[in-house]
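The values are calculated or read from the model by the stated rules, or taken from the named source; none is laboratory data. This is a predicted model, so every value here is computed, not measured. Heads up, the Cβs are rebuilt from the backbone with ideal geometry, glycines too, and the neighbour counts pull from every protein chain shown.
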Amino acid sequence: MSAFKAKSGYAFFGAFCFLLAILISCTGCAKNPPQESRTEKSAATLLPEDKVRLSNDPQKTEIFRDAGLGLFIHWGPNSQMGTEISWPLYNASADYIKKYYALAETFNPVDFNPAGWARLAKLAGMEYVVFTAKHHDGFCMFDTAYSDFKITKTPFGKDILAALVEAFRKEGLLVGIYYSPGDFRYQFETGRRFSHLYEADFASQELFGPLKKNFVDYERGQVEELLTRYGDIFMLWFDGKCEPLKKQAWRVKQDLFIGRGEIPTPEQEIPGKASDHAWESCLTTSIQWSYQPNPDIRTSREIIANLIKIRARGGNMLLNVGPRPEGRLADPDIDRLRDLGLWMMLYGEAVRGVRPWVVTNEGDVWLTQRRSENAVYAFVDLEYGFGGPKPPWPAGRKLTLKSIKTSPETKILVLSQDGECEWQEDGQGLHLTVYKKQTVQLIRKPEKKTAGLDKSSNGDIAIAWGPDWPVAVKITNVRPAENFAPREK
């Protein structure tokens, strides 16, 4: 072959390879389009408007009520400054608003470990998670075609929601997504400043985002994305007025459970009376919803007491944590979740799958019931030093319950502890003697403190078998006592 022919052959072969590479590349692009090339394309077959049921599925409602305990997660670029999420925008100057939104340019949670979060939530006894996909500030922690103000436009660049729901689902937790209908980013960019940061202006026709949608179509589109791109979503949690969005959600997924927007969800409080329907009390481990340095943290005992009261009154507890900006959970939150996990390991049976008893409490003893077993659970605070003079002092208590009538098949025991409790019944009620004999932890004896370590009368350190939390006593094969007049504390 002449030099010319060789060169021509090489040139032809090179051009052929170049064209082939382009074709292969384009084929790959068609199969796996880049995240930023996403366009509006419905993946759902919507139910006709006249066929959709505008209420929660009864079966899903019972699953929610059985779960009892969930993990709430508030997180966004604002965590870099330790502010509350979104609310600093309310009554803020234009200069501050720009600074707040600029935090997205530096948000890079390189230590984000959703599998670790999910394992800890499972350990803590959580049955479901609710994550803030979009809060009132409009920042999207998921990849959306409808807004450029999102996690995939930050230095982190990856879809946090996708990773999180996959991790929690693998641990067996039900997946819930928080979505704020109020969107201050829309208000700010379109100039449609509404009356309140929290409220949604569904009537606004100002166009927004890459797809140039009016407000209601922008949000309907995002709801559809959340319900079609992230696997099986158990719950949506709408933080604000949401009627057009609820209907859209049920048209996409008729059996979807809707939390806030459809059931009562009080924040930082526990309603005072029992209700035999779905409701949820939303509480923080500290005071602020989003990450706060040096937080005023609740004690583990307070968190456990809140869970007991909520379950006795028929509700769920949704316990919130605020991750740090680099993607780790704060140490105080981790400690509280581990403490809760220990209590749930011992006594979780008494708060899962239960309903209110005929009375929520008798004095400081709170009660739940498992109807399928004719069983009642009593949550009892113990007295330390009750059982003897030598350390480590066992804890125990004598008490009388008047709302419970036993049967010949009745058994009474402390959950997770070997052996049964001493008891007898007469006209005055059911009399119990409860001891903690299981050696779970050693703690300082919880009584009057003196300087330094407490000492017993013989000089020993005053230690006891702990932790100093309520125990759960299971009382089986019982029914409500006749002529008992329920009274709640």
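Taking the stated definitions as given, is V440 at pLDDT 90 or above, more than 26 Å from R371 (Cβ to Cβ) and among the aliphatic types (A, V, I, L, M)? In short, yes. The number of residues in segment 184-195 being within 24 Å of F131 (Cβ to Cβ) and out of contact with any helix residue (DSSP H, G or I) (no Cβ under 7 Å at 6 or more places or on another chain) comes to 2. Considering segment 210-225, the residues that are closer than 22 Å to W250 by Cβ and free of Cβ contacts under 8 Å to residues at least 12 places away in the same chain include one that is farthest from the chain's Cα centre (by Cα), namely N214. Looking only at residues of segment 48-68 that are part of a loop (DSSP other than H, G, I, E, B) and surrounded by 14 or more Cβ atoms within 10 Å (Cβ to Cβ), we find that the one that is nearest to the chain's Cα centre (by Cα) is G68.
Any residue at all in segment 237-252 that's touching a helix residue (DSSP H, G or I) at 6+ places or on another chain (Cβ under 8 Å), surrounded by fewer than 21 Cβ atoms within 10 Å (Cβ to Cβ) and closer than 13 Å to I177 by Cβ? Steps first, answer last, please.
First pass over segment 237-252, keeping only residues touching a helix residue (DSSP H, G or I) at 6+ places or on another chain (Cβ under 8 Å): 238, 244-245, 248-249, 252.
Then drop every residue that is not surrounded by fewer than 21 Cβ atoms within 10 Å (Cβ to Cβ), which leaves 244.
With the extra rule that they be closer than 13 Å to I177 by Cβ, the set shrinks to none.
No; the residues of segment 237-252 include none that is touching a helix residue (DSSP H, G or I) at 6+ places or on another chain (Cβ under 8 Å), surrounded by fewer than 21 Cβ atoms within 10 Å (Cβ to Cβ) and closer than 13 Å to I177 by Cβ.
Across segment 323-334, the qualifying residues are those that are part of a loop (DSSP other than H, G, I, E, B) and of a type outside the set (A, V, I, L, M, F, W, C), and the one among them that is surrounded by the fewest Cβ atoms within 10 Å (Cβ to Cβ) is E326.
Annotation: of all residues in segment 31-62 being closer than 21 Å to L256 by Cβ and among the small types (G, A, S), the one that is modelled with the highest pLDDT is S55. All of E280, E269 fail the test of being within 20 Å of L71 (Cα to Cα), buried (at least 19 other Cβ atoms within 10 Å of the Cβ) and in the same structural domain as Y198 (by TED's automatic domain parsing), apart from E280. In the set (1) over 20 Å from T360 (Cβ atoms); (2) surrounded by 15 or more Cβ atoms within 10 Å (Cβ to Cβ); (3) among the acidic types (D, E), the condition left unmet by D381 is number (1).
Take the conditions modelled with pLDDT of 95 or more, crowded, with 18+ Cβ neighbours inside 10 Å and closer than 28 Å to R65 by Cα and apply them to F234. Does it pass? Taking the combined requirement at face value, the residue satisfies it.
Taking I73 as the residue in question, decide whether it is touching a Gly at 6+ places or on another chain (Cβ under 6 Å), aliphatic (A, V, I, L, M) and buried (at least 17 other Cβ atoms within 10 Å of the Cβ). Please lay out each step first, then the result.
Values: touching a Gly at 6+ places or on another chain (Cβ under 6 Å): no; aliphatic (A, V, I, L, M): yes; buried (at least 17 other Cβ atoms within 10 Å of the Cβ): yes.
Spelling it out, it is not the case that I73 is touching a Gly at 6+ places or on another chain (Cβ under 6 Å), aliphatic (A, V, I, L, M) and buried (at least 17 other Cβ atoms within 10 Å of the Cβ).
Taking segment 131-140 as the range and being of a type in the set (A, V, I, L, M, F, W, C) and under 11 Å from I177 (Cα atoms) as the test, the residues that pass are F131, A133. Set side by side, the residues G116, G76, G68, G82 differ, and just one is among the small types (G, A, S) and in contact with a strand residue (DSSP E or B) (Cβ under 6 Å, 6 or more places away or on another chain), which is G68.
Residue-wise test of (1) without any contact (Cβ under 8 Å) to a residue 24 or more places away in the chain; (2) in contact with an Asp or Glu (Cβ under 7 Å, 6 or more places away or on another chain); (3) in a helix (DSSP H, G or I).
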residue	(1), (2), (3)
R336	no, no, yes
L340	no, no, yes
M344	no, no, yes
G348	no, no, yes
V376	no, no, no
R397	no, yes, no
T400	no, no, no
E409	no, no, no
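Residues in segment 174-209 that are among the aliphatic types (A, V, I, L, M) and free of Cβ contacts under 8 Å to residues at least 60 places away in the same chain were compared, and the one that is surrounded by the fewest Cβ atoms within 10 Å (Cβ to Cβ) is A203.
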